[in-house]
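Any read-out appearing in this document is the output of simple, stated calculations on the displayed coordinates, not a laboratory observation. Since we're looking at a predicted model, the values are computed, not measured. Backbone-built Cβ (ideal geometry, glycine too); neighbour counts: all protein chains shown.
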Amino acid sequence: MDYIIRDLLRAQDMDGLEEVQQSAWGYDDRDLTPGSLFTVHAHMGGVVCAAFAPDSDLPVGFAYSFPAKYKNQMVQHSHMLAIRPEHRHSGLAARLKIHQRDRSVELGYDLMTWTFDPLLTKNARLNLGKLGARAVSYHPDWYTIKGGIYAGLPADRFFVEWDLHKEVFEQPKTPPSGEMALEATGTRAGTPNLELSGAVVLIESPRDIDALKKTDLSAAQTWREAHRMVFPHYFGSGYVVTEIHDTGERTFYHLER
Ligand SMILES: CC(C)(COP(=O)(O)OP(=O)(O)OC[C@H]1O[C@@H](n2cnc3c(N)ncnc32)[C@H](O)[C@@H]1OP(=O)(O)O)[C@@H](O)C(=O)NCCC(=O)NCCS
């Protein structure tokens, strides 16, 4: 479909974004970001952009960022990117991010930041492999969201930096190669190896955490616990996460010094 992407400014345009949040995340009212906040940031140096089907005024997806200070630098912090399930897999999220990037550059920004759940490995391919962002730190309990697609596990997040002047191109999908800091034992996380120092370190993550949560919640929890141990260690040792490898059966984060 030939989607149209445009910036939103008017308060009455923002209500539709609450419905997109509900359909994308399954949030209850408590966790929704209200339209009034989007309006304020749209007027106060943020970026609120949405995608529409050609014949409709109802948004099918949106991206939202606001001005923030990070490491002594003003950045756009992107708090939300969401596409309604029936409009996914057509490159729309990537197009919204590029639009959001272009607006941010016009506003004078060089860097965008955001967070995502390391256990949602498909998001990692979009953020790292397609957009070229990199994860630089790990934050346990970044939110206290308890409902929707995040139910059952603490809301930990990777913190991502995106250089807005870097050329965006999709990295080829390559097989994992490097020293193994964490891998599965059956469906559970194994014991992390915190002794590595090579150029590339690999950290496994379940390929489909939602399916694992449904069949074995305690196995899913072992991954959260192991990631809480292994990622902060390697970030603290000077590594950043630049890609995720998918073998078709397993997925591995790729960390470089
Ligand atoms: C993440 C999300 C915005 C992707 O939207 P989209 O329009 O389908 O994304 P695009 O078509 O631009 O890109 C697809 C890529 O996104 C990735 N992706 C992210 N989530 C995915 C999902 N649930 N299913 C499949 N692919 C997904 C894949 O890498 C895919 O690339 P591939 O086609 O090479 O496998 C959408 O799934 C969504 O709204 N999810 C819920 C909200 C959320 O998690 N937002 C945070 C994003 S960091």
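Listing for the model above:
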| item | result |
| --- | --- |
| Residue pairs, from the table 122/173; 69/166; 173/214; 122/213; 130/213; 69/130, whose Cα atoms sit over 23 Å apart | 173/214; 130/213; 69/130 |
| Under 10 Å, Cβ to Cβ, from residue 208 - net charge with Lys/Arg +1 and Asp/Glu -1 | +3 |
| Rh by Kirkwood over Cα pairs, then Stokes-Einstein D for the stretch 128-210 at 0.890 mPa s and 25 °C, µm²/s | 158 |
| Equivalent ellipsoid, the chain (semi-axes from 5 times Cα gyration tensor eigenvalues, Å) | 31, 21, 17 |
| Dipole of the stretch 1-150, positive direction: furthest Cα of 56, 8, 127, with charges on the beta-carbon | 127 |
| Value at 222 nm in deg cm²/dmol, rounded to 500, when DSSP H runs of n ≥ 4 in the chain each add -39,500 (n - 2.57) | -8500 deg cm²/dmol |
| Within the stretch 179-256: Cβ-based charge dipole about Cα centre, in debye rounded to nearest 20 (Lys, Arg +1; Asp, Glu -1) | 320 |
| For the stretch 68-73, 3J(HN,Hα) per residue [Karplus equation, 6.51 cos²θ - 1.76 cosθ + 1.60, θ = phi - 60°, Hz, x = Gly/Pro] | 8, 9, 9, 6, 6, 10 |
| Counted charge near residue 133, where neighbours are those whose Cβ lies closer than 15 Å (Asp, Glu -1; Lys, Arg +1) | 0 |
| Global geometry of the stretch 179-256, whether rounded, prolate or oblate, following the gyration tensor of its Cα atoms and the 1.5 cut on a/c | prolate |
| Nearest 10 degrees, 0 to 90: helix 217-236 Cα axis against the chain principal axis | 90 |
